[in-house]
Amino acid sequence: MMKVPEVIHIREKILKTPKRISMFIDLHGHSKKRNVFAYGCHDTKRPFASREFPYLLSKINKNNFQFKECRFTTPTPKLKKYS
């Protein structure tokens, strides 16, 4: 499991939530990327599950949300950094 305080805290909150969580959205910005984009996980059992919502956003707001800028994998160096 990743040893990032934010991830640990969110995981604890999710595990304590009595209701089923349908979606978790991480909103943040970067100084080097323009427009709005999303990061998501890749689920091998349901590969399109994390892509559906960002795709719909890109269709609703083409000028500000860029689906082509979304990423659904974690680069290997980041995985090693937090493991």
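With the structure loaded, tell me whether His42 is modelled with pLDDT under 80, loosely packed, with under 11 Cβ neighbours inside 10 Å, within 21 Å of Thr73 (Cβ to Cβ) and under 15 Å from the mean Cα position of the chain (by Cα) or whether it fails that test.
Against the criterion (modelled with pLDDT under 80, loosely packed, with under 11 Cβ neighbours inside 10 Å, within 21 Å of Thr73 (Cβ to Cβ) and under 15 Å from the mean Cα position of the chain (by Cα)), His42 does not qualify.
Which numbered condition trips up Ile14, out of (1) of a type outside the set (Phe, Trp, Tyr); (2) closer than 21 Å to Thr73 by Cβ; (3) outside any loop (DSSP other than H, G, I, E, B)?
Among (1) of a type outside the set (Phe, Trp, Tyr); (2) closer than 21 Å to Thr73 by Cβ; (3) outside any loop (DSSP other than H, G, I, E, B), Ile14 violates only (2).
The values are calculated or read from the model by the stated rules, or taken from the named source; none is laboratory data. Source: prediction; values computed, not measured. Heads up, the Cβs are rebuilt from the backbone with ideal geometry, glycines too, and the neighbour counts pull from every protein chain shown.
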